[in-house]
Amino acid sequence: MVCIKSFANDGYKLWLQYNHIQDKQIRTSYQSNIKRIIPFGNSETIKVALKELELGLNGMLGSKVLSGTKNNIESNSLMFGSESSLNEIVKNQLGNAFNEINDEGFVIKTISIKGKNQIIITGKNDVGVLYGVFKFLRLLQTHQSIENLNIIDAPKIKVRVLNHWDNLDRTVERGYAGFSIWDWHRLPDYIDSRYRDYARANASIGINGTVLNNVNANALILTPQYLEKVEALANVFRPYGIKVYLTTRFSAPIEIGGLETADPYDAEVIAWWKNKVKEIYSKIPDFGGFLVKANSEGQPGPQNYGRNHVDGANMLADALTPFGGVVMWRAFVYSEHDITDRAKQAYSEFVPYDGQFKDNVIIQVKNGAIDFQPREPFHPMFGTMPKTPLMMEFQITQEYLGQSTHTVFLPKLYEEVLQSDTYKKGKGSTVAKIIDGSLDNKVLTGIAGVSNIGNDINWTGNPMLQANWYGFGRLAWNPYLSSEEIADEWLRSTFSNDEKFVKPVKDMLLSSREAVVNYMTPLGLHHIMDTGHHYGPGPWVSDLSRPEWNPVYYHKADSLGVGFDRTPSGSNATAQYAPQVASKFNNLETCPEEDLLWFHHVSWDFKLKNGKTLWDGMALKYQEGVDQVASMISIWEEAKPYVDEERFSDVYMLLNIQHKEAKWWRDACLLYFQEFSQKSLPVGVEKSTQTLDYFKSLKFTFAPGN
Ligand code: GCV
């Protein structure tokens with residue numbers, strides 16, 4: 001097959017490229033199955049579904065697809081509409097498919113009307129139809145057969161949200177793709193077309209909510225001036241099935257309400273929140289609810305008034321209950337007054353409250369107990385609050401993983417966490433089963449991804465990192481999907497279906513997560529990034545006011561060895577896991593080597609499974625990470641014939657930065673740890689051309705996202 005490069009491509013279209021299908025056989029088979037498209041119904045959602053089908057089919061098939069009406073069904077029609085819009089003939093052919101889906105699910109089926117083949121895309125509601133339409137388009141984008149279709153699918157998690165850490169001045173905390181896409185100043189009158197494209201992209205992967213503003217919240221978002229702007233965004237998102245949520249600053253009643261307290265027991269405070277919620281719903285009837293960071297990293301909360309998380313969350317929940325809104329209350333807490341291991345603190349603070357939260361409260365828990373590291377064992381809270389819904393918080397933006405320059409395919413990380421076995425109800429009690437509610441029969445379920453989106457033309461600052469937004473959405477829909485499947489469909493939809501491209505680049509994506517672990521934090525090292533901006537290595541940092549902000553707190557390197565002892569002889573954080581998991585982590589024989597230094601302080605001469613000493617093994621891992629990035633570059637070079645020039649060279653330049661930075665990580669960390677180990681580098685590990693002092697002297701005053 002001859003490869004024809006597509007035209008210049010800035011990446012704006014994400015995975016919705018809808019490139020003309022070059023393969024004639026495939027194209028004609030699609031054309032013969034889709035002669036005309038027929039919408040059933042005319043809601044705003046059905047209208048956007050129609051528009052998307054036209055865009056996608058015209059783009060991929062290269063010819064204008066005819067439209068028809070439901071009263072005039074001819075052969076090879078593609079029909080779409082919700083259950084209530086279907087006629088009896090169509091319904092009869094669907095059997096009991098509607099019983100197999102929930103409110104957001106869809107059915108795509110080849111049926112026969114008067115002996116003629118037709119395709120129907122339907123759901124209980126219009127939004128399910130829209131999800132079905134995107135699924136159908138993906139079949140074409142990935143060159144799959146559309147003969148004899150019978151696809152029944154529905155999301156397994158209810159609340160599937162992006163969390164934007166976007167500030168009202170358009171800076172983005174931990175954002176590496178430019179400024180916020182929300183142009184607050186020009187809203188509500190100026191509607192950037194990007195808002196619609198954002199909604200389309202999210203709907204295409206099943207994301208059904210967005211928290212617009214930073215968890216380090218500004219109370220102004222709740223003023224009438226800003227609520228008007230929020231309303232304008234909600235109006236754009238509604239047809240795409242996307243609800244708007246806001247973060248709330250717990251002290252808002254004082255800051256914008258003129259009250260003297262924000263005590264959740266105070267009658268005036270309670271009334272203030274009730275009125276505020278009523279005001280919000282009068283503008284945004286389908287408002288999703290609040291996300292709250294309270295008594296964490298200096299944010300105000302109920303503890304300021306001698307109350308607890310339950311008091312705070314339930315007060316907001318009561319205000320939201322009449323309107324069906326939810327409170328997502330974050331468990332990301334650790335205290336400077338608590339001298340126990342930071343990894344233990346969220347569990348200690350929250351688990352005793354199990355069963356005390358109102359039904360519309362869900363506790364949002366980060367995937368690991370510290371903070372979005374390249375690798376963390378799953379958070380011990382998962383599975384320990386059976387009477388309380390817990391939702392997952394993943395980070396899509398790469399605060400600790402090379403930010404937007406490093407290509408790291410995060411679905412691999414998400415998959416590892418979701419498939420981790422908590423053993424809370426015996427073998428097979430995976431994190432995924434806690435998140436989707438199946439382990440403890442939860443009705444309210446959720447998953448959040450801290451967005452990596454900004455106003456860069458390609459949205460994520462690096463075309464390859466669009467895959468992480470995509471992958472988050474796909475796993476939010478179905479937390480049992482494999483990262484391999486996700487990489488495959490993303491590459492095909494975003495770049496090319498050519499196997500010579502897909503196979504090697506997929507391998508590259510799938511190994512990229514392990515590469516970053518190797519060149520940053522191998523063998524369970526963690527939080528050794530430089531201060532504040534978290535860009536680059538800083539294992540030597542020891543002068544910050546709070547002990548647990550210092551990398552030395554986490555690696556505890558000394559002349560004897562390295563690592564954080566979290567076993568019973570140390571902080572005993574392992575006791576927060578189920579006994580089967582705790583004993584696996586406690587025992588040096590069974591502790592996975594990838595988590596070794598997370599749970600153990602071991603000597604530099606400790607023997608690894610491959611017979612090497614810890615020092616040699618660590619040095620070789622750093623080198624392996626650097627080598628992996630070098631081979632990512634070679635793979636990308638080979639991919640050149642299949643990628644447009646613009647995206648090819650963007651990614652190429654970024655991979656080269658990643659390579660340079662991987663070496664920086666290797667050299668800085670090995671020189672630093674060598675001061676303790678006093679050992680020379682093993683054969684095969686390149687020597688640094690710089691001194692440790694040089695690495696320590698590097699400053700990044702204006703690093704983004706800080
Ligand atoms: C939004 C980490 C980040 C902070 C972030 C915080 C959180 O500490 O460095 O920028 O604040 O997590 O998740 O609340």
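The table below gives the values:
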item: Tally, over the stretch 300-356, of residues that are part of a helix (DSSP H, G or I) and not β-branched (V, I, T); result: 28
item: Members of the stretch 511-566 found to be aromatic (F, W, Y) and not in a helix (DSSP H, G or I), listed by number; result: Y535, W540, F564
item: Residues located in the stretch 155-185, provided they are closer than 27 Å to K47 by Cα and not β-branched (V, I, T); result: P155, K156, K158, R160, L162, W182, D183
item: N452 within 14 Å of the chain's Cα centre (by Cα), within 16 Å of the ligand (Cβ to nearest atom) and either surrounded by fewer than 23 Cβ atoms within 10 Å (Cβ to Cβ) or in the same structural domain as V326 (by TED's automatic domain parsing) (or both); result: yes
item: Residues being within 16 Å of the ligand (Cβ to nearest atom) and polar (S, T, N, Q) - total across the stretch 267-302; result: 3
item: Residue pairs meeting the criteria (Cβ under 6 Å; at least 6 apart or on separate chains; first closer than 22 Å to F472 by Cβ and assigned to a helix (DSSP H, G or I), in the stretch 426-442; second modelled with pLDDT under 95 and not aromatic (F, W, Y)); result: I434/G383
item: Residue within the stretch 344-354 that is basic (K, R) and within 13 Å of the ligand (Cβ to nearest atom) present; result: no
item: Residue selected from the stretch 396-413 under the condition in contact with a Lys or Arg (Cβ under 8 Å, 6 or more places away or on another chain) and hydrophobic (A, V, I, L, M, F, W, C), by the criterion farthest from the ligand (Cβ to nearest atom); result: F409
item: Top-ranked residue in the stretch 220-229 [being surrounded by fewer than 19 Cβ atoms within 10 Å (Cβ to Cβ) and under 22 Å from G301 (Cα atoms); ranked as nearest to the ligand (Cβ to nearest atom)]; result: L220
item: Residue check, F323 within 16 Å of the ligand (Cβ to nearest atom) and among the aromatic types (F, W, Y); result: no
item: Cross-chain or 6+ apart pairs with Cβ under 7 Å, the stretch 662-685 first and charged (D, E, K, R), then surrounded by fewer than 20 Cβ atoms within 10 Å (Cβ to Cβ) and at pLDDT 95 or above; result: D667/S688; D667/Q690
item: Check on V159, closer than 30 Å to Q225 by Cβ and crowded, with 16+ Cβ neighbours inside 10 Å; result: yes
item: Enumeration of residues in the stretch 270-299 that are crowded, with 22+ Cβ neighbours inside 10 Å and outside any loop (DSSP other than H, G, I, E, B); result: W273, V277, I280, G289, F290, L291, V292
item: Answer residue from the stretch 520-537, given it is within 14 Å of the ligand (Cβ to nearest atom) and touching a residue at least 60 places away in the same chain (Cβ under 8 Å) and is nearest to K621 (Cα to Cα) among those; result: H526
item: Per-region count, the stretch 110-159, residues more than 24 Å from K51 (Cα to Cα) and touching a residue at least 60 places away in the same chain (Cβ under 8 Å); result: 4
item: Single residue of I101, I89 found to be aliphatic (A, V, I, L, M) and surrounded by fewer than 20 Cβ atoms within 10 Å (Cβ to Cβ); result: I89
item: Residues satisfying the stated conditions in the stretch 363-395, i.e. over 23 Å from V626 (Cα atoms), of a type in the set (A, V, I, L, M, F, W, C), part of a loop (DSSP other than H, G, I, E, B) and within 14 Å of the ligand (Cβ to nearest atom); result: A369, I370
item: Of residues in the stretch 644-661 being in contact (Cβ under 8 Å) with a residue 60 or more places away in the chain and closer than 19 Å to R513 by Cβ, the one surrounded by the fewest Cβ atoms within 10 Å (Cβ to Cβ); result: I657
item: Among (1) touching a Ser or Thr at 6+ places or on another chain (Cβ under 6 Å); (2) within 16 Å of the ligand (Cβ to nearest atom); (3) not charged (D, E, K, R) - the single one N148 does not satisfy; result: (2)
item: Residue in the stretch 326-341 that is of a type outside the set (A, V, I, L, M), surrounded by 23 or more Cβ atoms within 10 Å (Cβ to Cβ), in the same structural domain as A432 (by TED's automatic domain parsing) and away from the ligand (no atom under 13 Å from the Cβ) present; result: no
item: Residue check for D169: free of Cβ contacts under 8 Å to residues at least 40 places away in the same chain, within 16 Å of the ligand (Cβ to nearest atom) and farther than 28 Å from R138 by Cβ; result: yes
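Each row is one residue, and each column tells you yes or no for (1) more than 16 Å from the ligand (Cβ to nearest atom); (2) without any contact (Cβ under 8 Å) to a residue 12 or more places away in the chain; (3) surrounded by 14 or more Cβ atoms within 10 Å (Cβ to Cβ).
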position	(1), (2), (3)
P551	no, no, yes
H600	yes, no, yes
W604	yes, no, yes
G611	yes, yes, no
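The values are calculated or read from the model by the stated rules, or taken from the named source; none is laboratory data. Every value quoted in this text rests on a predicted model; they were computed, and no experiment measured them. Quick reminder, even Gly has a Cβ in these numbers, built from the backbone with ideal geometry, and neighbours come from all protein chains shown.
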